[in-house]
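Q: Sharing a structure below in structure tokens format, with a few things to ask.
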Amino acid sequence: MRTERLTLRPYQEDDLDDFYACRSQPEVYRYLYADSPDRAAAEEIIAKKMTQDELTEEGQWLVLAVYWPEAGRVVGDVVLKWLSEEHRQGEIGYVFNPEFHGKGLAREASEVMLKIGFEDLGLHRIIAQCDPRNEPSWRLMERLGMRREAHFRHFEIFKGEWGDLYTYAMLAEEYRGAAS
Ligand SMILES: CC(C)(COP(=O)(O)OP(=O)(O)OC[C@H]1O[C@@H](n2cnc3c(N)ncnc32)[C@H](O)[C@@H]1OP(=O)(O)O)[C@@H](O)C(=O)NCCC(=O)NCCS
């Protein structure tokens, strides 16, 4: 898939250097449910992501590596989880190498996941969630046109302390409204 600046496609083995360059930075994992992997673990993670290349049933994740030709690098990835077939629900997520933050690339790639979710999969509602302290993440949700629906306080113990959770969402009709 192409956007103005980006190519989105499933991960491939030779993306490991770019993937590790991103994932080896502890700051990237500050608000993710894991810690920064070593190279061997990164290789295992990317092998799994390579298999997450389509959505055929609910519960699956579609993972697309985001390649930026201008840099000649994979600069991050975006995901779409098919949460429910019956209720036509999905969830998006994104992780970008800090070297490439602040350029609108995550937004450009995330818009593709909304498009796939609403237009190809026929979803009715797509959510995104983050820790309220992860301001770059919820600001991106707002730039995408998503609405903050919930602020759960002390939702879970996250990295050893009580963590809050924001839930943002967008309905298909809002997506269509924004596009027209
Ligand atoms: C969340 C994350 C993907 C956001 O990345 P980002 O680069 O801030 O997001 P965008 O692609 O929307 O870029 C927006 C910024 O680019 C700027 N920008 C520059 N050129 C732009 C362009 N051509 N188009 C749009 N925005 C542009 C915007 O002004 C904005 O800057 P600001 O934040 O200073 O206002 C990133 O912080 C990240 O990967 N974090 C680590 C992993 C993580 O926490 N993931 C989320 C878990 S819930």
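Any read-out appearing in this document is the output of simple, stated calculations on the displayed coordinates, not a laboratory observation. These figures come from a predicted structure and were not determined experimentally. Note: ideal-geometry Cβ built from the backbone for every residue, glycine included; neighbour counts use all protein chains shown.
Q: Within the stretch 80-118, can you find the residues that are within 8 Å of the chain's Cα centre (by Cα) and within 10 Å of the ligand (Cβ to nearest atom)?
A: Correct list: Ile92, Gly93, Tyr94, Val95, Ser110.
Q: Follow-up question, since we're still on this one. For the stretch 25-54, how many residues meet the condition of being surrounded by 14 or more Cβ atoms within 10 Å (Cβ to Cβ) and over 16 Å from Gly76 (Cα atoms)?
A: Within the stretch 25-54, residues that are surrounded by 14 or more Cβ atoms within 10 Å (Cβ to Cβ) and over 16 Å from Gly76 (Cα atoms) number 1.
Q: Related question: Of all residues in the stretch 81-107, count the ones that are closer than 20 Å to Gly177 by Cβ and either acidic (Asp, Glu) or in contact with a strand residue (DSSP E or B) (Cβ under 8 Å, 6 or more places away or on another chain) (or both).
A: Qualifying residue count, the stretch 81-107: 4.
Q: Among the listed residues Gly102, Gly145, Gly122, Gly160, which satisfies the condition of being surrounded by fewer than 13 Cβ atoms within 10 Å (Cβ to Cβ) and closer than 23 Å to Gly76 by Cα? Step through it out loud before you land on a result.
A: Working: Gly145 fails: surrounded by fewer than 13 Cβ atoms within 10 Å (Cβ to Cβ); Gly122 fails: closer than 23 Å to Gly76 by Cα; Gly160 fails: closer than 23 Å to Gly76 by Cα.
When all the criteria are applied, what remains is Gly102.
Q: Among the residues of the stretch 161-174, is there at least one that is within 16 Å of the ligand (Cβ to nearest atom) and touching a Ser or Thr at 6+ places or on another chain (Cβ under 7 Å)?
A: Within the stretch 161-174 (the criterion being within 16 Å of the ligand (Cβ to nearest atom) and touching a Ser or Thr at 6+ places or on another chain (Cβ under 7 Å)), the answer is no, since none of the residues qualifies.
Q: I need the strands (runs of 3 or more DSSP E) fully contained in the stretch 78-180, keeping only those with at least 2 residues that are under 25 Å from Gln52 (Cα atoms).
A: Counting at least 2 such residues, we get 89-96, 125-130, 161-171.
Q: Would you please name the residue that is farthest from Phe158 (Cα to Cα), looking only at residues in the stretch 14-48 that are in a helix (DSSP H, G or I), within 16 Å of the ligand (Cβ to nearest atom) and small (Gly, Ala, Ser)?
A: Checked the stretch 14-48; the qualifying residue farthest from Phe158 (Cα to Cα) is Ala21.
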